[in-house]
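Only the coordinates and a few stated rules stand behind these numbers; no lab work does. Remember, it's a predicted structure, so these values are computed and weren't measured experimentally. For neighbour counting, all protein chains shown are included, and Cβ atoms are generated from backbone atoms with ideal geometry for every residue, glycine included.
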Amino acid sequence: MPDYVLPDGYTHVYSGKVRDLYEDPDGRLLFVASDRISAYDWVLPTPIPDKGRILTAMSLWWFDRLADIVPNHVISTRVPDSVARRAMVCTKLDMFPVECVARGYLTGSGLVEYQASASVCGVNLPPGLQDGSRLPKTIFTPATKAALGDHDVNVTFDEVVASIGQDEAQTLRRLTVAVYDRATAIAADRGLILADTKLEFGLRADGRTVLADEVLTPDSSRYWPADSWEPGHAQPSFDKQYVRDWLTSPASGWDRTSGEAPPPLPDEVVEKTRAKYVEAYERLTGKRFA
C-alpha cells in the first residue's frame, strides 16, 4: 500500500513495481514514484528512502535536455503536498506495447544473447566481444512489455513491425537511438558511461509520438564510472546492483529458485543503495540532492 494519502478526487488507475498512477480531478494522469525497489522480478519489502524523489528529479532534468528531440508527457509538477517532489501531472497517452532499449555497450541480457547467437535482438555483432565491450554503434534492442512479476522478452525489429506497423517501429527506433546518443554525450562530460537504457513511448491525442514514464534514471539505465571501465567483467554501476549482489550472496539466505519472496534488506544495503542513487543524480546534474 502507498505510504501517502491523496486528496479526494484522485482515482487509482494502476500500480507497477515502482510507480502508482492516478487520474486527477481534471482527467489527467498523476505519476507517483514510490520508494519501492524491485530485483529479480520481486518488489522487495524494504523501501529505499528518497528513491522516488531522486527518480522524479532526474527524469525532469533529462526531459528538459531531450525536448528538441522528442516531446514528453509532463504537464506540470504542481502536485498534492503528500507526493511533492515525487510526482508529475502528465497527459494521457496510448502507450506502445514495446520496451525501447538502446545499447552502446554489451552487458546484461544482451551479453547472454550474444554469447548464444553472436547477435542481440537480430542485430549481428562482431566476434570477440566481452562483458562491458563497447559496440561499434548504438543498437536498438526492443523487448515486449511483461506483466508485473514476469521478465520482459527481447524481440527483433521485425517483430516490432509486425506488432505496431512499419512507420511506428521506425519512429521508435529513430527516437530511441537519438535519445541514447544525446544522453551518452552528456553523461560522458560528467565522467559517466551510459551503457544502455530503456524508454517508453506513447501516442498523444494529436497523433504525436511522446516520451513517457521515467527517463534515463538508474532504474531504467546502466551508468558506469568511466575512469574504471574495463571490458571483460561486470562493471561497478550506479543502480540497484548492490541490492542484487546482496540478495544472491550467502548473507541473505535467499534462494532465487525457491519461489519464496526475498527477505528484508539490512540497513547497510539500504544506505549504500540510496547513496548510489544520490551520487548518480549529483554527478549528472551538478546539483546537490537535498
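Some values worked out for this structure:
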item: Distant-in-sequence amide H partners of LEU135 (H built 1.01 Å from N, under 5 Å); result: TYR105, LEU106
item: Length gained when the stretch ASP81-GLU268 is fully extended (0.36 nm per residue, less Cα-Cα span); result: 64.3 nm
item: Set LYS17/LYS145; LYS17/LYS137; LYS17/LYS272; LYS145/LYS287; LYS17/LYS198 screened for pairs whose C-alpha atoms are more than 24 Å apart; result: LYS17/LYS137; LYS145/LYS287
item: Amide H within-cut-off set for LEU44, under 5 Å, with H built and near neighbours excluded; result: ILE37, SER38, ALA39
item: Relative exposure of SER252, SER117, SER220, judged by other C-beta atoms within 10 Å (fewest first); result: SER117, SER252, SER220
item: Sparse-neighbour loop sites [GluC sites (Glu not before Pro); segment 63-168; at most 15 other C-beta within 10 Å; DSSP]; result: none
item: Separation between Cα centres of segment 91-135 and segment 214-290, rounded to whole Å; result: 20
